[in-house]
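Just so you know, all these numbers are worked out from the coordinates, no wet-lab data involved. Only a predicted model underlies this, so the values are computations on that prediction, with no experimental measurement involved. Here Cβ is always computed from backbone atoms with ideal geometry, including for glycine, and neighbour counts include all displayed protein chains.
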């Protein structure tokens, strides 16, 4: 919803910026035209002054006719274009589901809807346009009649009345053009107000201008949740975490399991400090420093993250790996090669690839799912973070790719505090600590052997997974 609102606001502000020049020109025509008219022949100007409101109405009629004729057509064409865009972006899915004919039919139906009533709309538009132009010609005819009368009575000469007539005529057209822009300008001003209100709003967690301490010596890998209660701001009625508490020592590997909606991904978000808990604390280090007092940019550089769907940019593998490093940060070739080896990026040097200079394509389209995940792992490792977060990093992969990526994840997690959400329980059995989240709480905690022996929630999940 926010992205759509920003898109609409930006469009309206752009409209305002584009209309400023036209509006200034229209107002200039109005002022300059009136001045010239009264300077050359004030009698002619006074008589013709009453025609300005009529010309404003005629110009507005032209605008409304053109806009009304194309409004419905534009909506239908936009829907048709959206079908084309979605079909091209998801071409493989379209082909796999054999829905090409259905999408073509939908596209044709929207195009045909844009043609419904086209003759009627065009005839009405032509009539409206003709009427508005006819009004201008009637005004011109009236002006010429008045001019001839003034010249005949020796009140004014030909040059004076013509200059006055043209001045009033262009002043009226300028006033009409300015009037039709008032609606768009008003909407754009409202959009500007909303945008600046959003920009001026102080974020509770400001990543652009962070405050807080930058610890010189801190055991960043130690993480503790102390009676954390949390709900998302857009769903305050749903309490996601209802008093979650646990303590993880530095260097331990942690598996997060439990039913869907138990709060596993929320724990990850709180560790990355995308949100702060409404109650309770997230503490880090041996001194149990509250996370919300630490410089957020420093903290996020201590955390590596690999999600279910890696986001790669349309550039080289090297640029994607280095993405996010500051200008003053340097990475040695030795460390880069080590990260490449841990992430199992050997495929970059085979099959005609150009190593780290291989182009990944839009959204990483030139790489397979497993290859994209390994690039994402290397990107997470490049800063050598003490904390690794793995959010179902292998859930979208086939069995062969999963085995390769899982091996890379295990190598990447070695010597670091790691949190892993797994869709297959077998991948977290070797973790030092397994946290079982259910109904917003940690209901069980221990190693695989300990939890199996207790025959609780974890034991039941294992039995269900084996069926």
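See the values below:
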item	result
Segment residue 49-residue 35, extension gain: residue separation times 0.36 nm, minus the distance between their alpha carbons	3.8 nm
Whole-number Å³ per residue for the convex hull built on Cα positions in region 338-467	131 Å³
Part-to-part distance (alpha-carbon centres) for region 400-453 and region 301-365, which is given in Å	25 Å
Two-site label geometry, residue 229 and residue 314: point separation in nm, points 7 Å out along Cα→Cβ	4.8 nm
Considering only region 223-466, percent of DSSP beta bridges that pair antiparallel, nearest 5	55 percent
Kirkwood Rh in Å, taken over region 229-280 so that all alpha-carbon pairs contribute	12.0 Å
Exposure proxy ranking, count of Cβ atoms within 10 Å, fewest first, for 315, 211	211, 315
Principal axis box of region 223-466, alpha-carbon based, largest edge first, Å	52, 44, 34
Segment residue 323-residue 199, extension gain: residue separation times 0.36 nm, minus the distance between their alpha carbons	42.1 nm
